[in-house]
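Participant: Below is one structure. I have some questions about it.
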Amino acid sequence: MVEQVKNIELKDIRKVARFTQAQVAGILGVSTPTYIKLEQNPDMMTIEDAKKLAQLFNVSVQQIFFSQKL
């Protein structure tokens with residue numbers, strides 16, 4: 001049997017936490033378009049913002065920067 005693998009991305013983490021992109025942008029103090037870019041490319045994010053998101057979403061900083069496979 002082949003096991004299905006799913007990459008968990010920042011967008012998925014945010015949705016599970018029930019936040020909109022606009023809400024998270026406000027928490028980080030950036031515009032919604034800026035947050036959308038960060039969500040699509042977390043490597044552009046500062047460590048400080050990653051720590052804020054990790055705390056907000058109750059995940060590790062590593063999960064913010066790296067896709068997790070389930």
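Participant: Please enumerate the residues belonging to region 18-29 that are aliphatic (A, V, I, L, M) and buried (at least 16 other Cβ atoms within 10 Å of the Cβ). Spell out how you get there, then give the answer.
Facilitator: Pass one, region 18-29, residues aliphatic (A, V, I, L, M): 22, 24-25, 27-28.
Val24, Ala25, Leu28, listed by residue number.
Participant: Where residues in region 37-70 are aliphatic (A, V, I, L, M) and open to solvent by 50 Å² or more (accessible area, probe 1.4 Å), which of them is farthest from Ile8 (Cα to Cα)?
Facilitator: Quick first cut of region 37-70, residues aliphatic (A, V, I, L, M) only: 38, 44-45, 47, 50, 53-54, 56, 59, 61, 64, 70.
The next check asks that each one be open to solvent by 50 Å² or more (accessible area, probe 1.4 Å); those that pass are 44, 47, 56, 70.
Numbers: Met44: 18, Ile47: 19, Leu56: 17, Leu70: 8 Å.
Filtering region 37-70 for residues that are aliphatic (A, V, I, L, M) and open to solvent by 50 Å² or more (accessible area, probe 1.4 Å), the one farthest from Ile8 (Cα to Cα) comes out as Ile47.
Participant: Conditions: (1) modelled with pLDDT under 95; (2) surrounded by fewer than 12 Cβ atoms within 10 Å (Cβ to Cβ). Ile8 meets all but one. Number of the miss?
Facilitator: (2)
The values are calculated or read from the model by the stated rules, or taken from the named source; none is laboratory data. Computed from a predicted structure; not experimentally measured. Here the Cβ is made from the backbone with ideal geometry for all residues, glycine too, and neighbour counts use every protein chain on show. Surface accessibility is based on the protein's heavy atoms, side chains included, excluding ligands, DNA and RNA. Shrake-Rupley method; radii C 1.70, N 1.55, O 1.52, S 1.80 Å.
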